[in-house]
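This report refers to the structure that appears directly beneath it.
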Amino acid sequence: MSVIFAPDWLRGKAKVNQEIIQRLLAENDQLIRCIVEYQNKGRANECVQYQHVLHRNLIYLAAIADANASNLTKVAE
């Protein structure tokens with residue numbers, strides 16, 4: 001299960017730190033390996049669930065990067 005799944009009442013309240021980001025990156029690495037393995041075996045339909053989790057993780061990481069970039073911009077001004 002992805003580390004970014006959280007109930008609605010917890011969303012936006014978790015503190016993001018380097019450990020969480022590293023776990024997401026490691027999870028993404030494993031997801032990509034699984035996706036490639038399934039595709040190489042001709043079982044593309046079975047890798048769709050992993051692609052969805054990878055997509056969600058990437059969107060989450062992009063949101064963190066965007067939030068950090070806008071925070072840095074505000075500090076620089």
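Throughout, read-outs are computed from the coordinates displayed, never taken from laboratory work. Bear in mind the structure is a predicted one, so any value in this text is a computation, not a measurement. Cβ: placed from backbone, ideal geometry, glycine included. Neighbour counts: every protein chain shown.
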Fill in: Label-to-label distance, nm, for residues given as Lys15 and Asn45 (7 Å Cα→Cβ offset)
4.7 nm
Worksheet item: In a shell of Cβ-Cβ distance under 15 Å around Gln49, excluding Gln49 itself, what net charge do Lys and Arg (+1) and Asp and Glu (-1) give?
Response: 0
Discussion item. Run the numbers for Arg33 and Ile59: contour at 0.36 nm per residue of separation, minus the present Cα-Cα distance, in nm.
Written reply: 7.5 nm
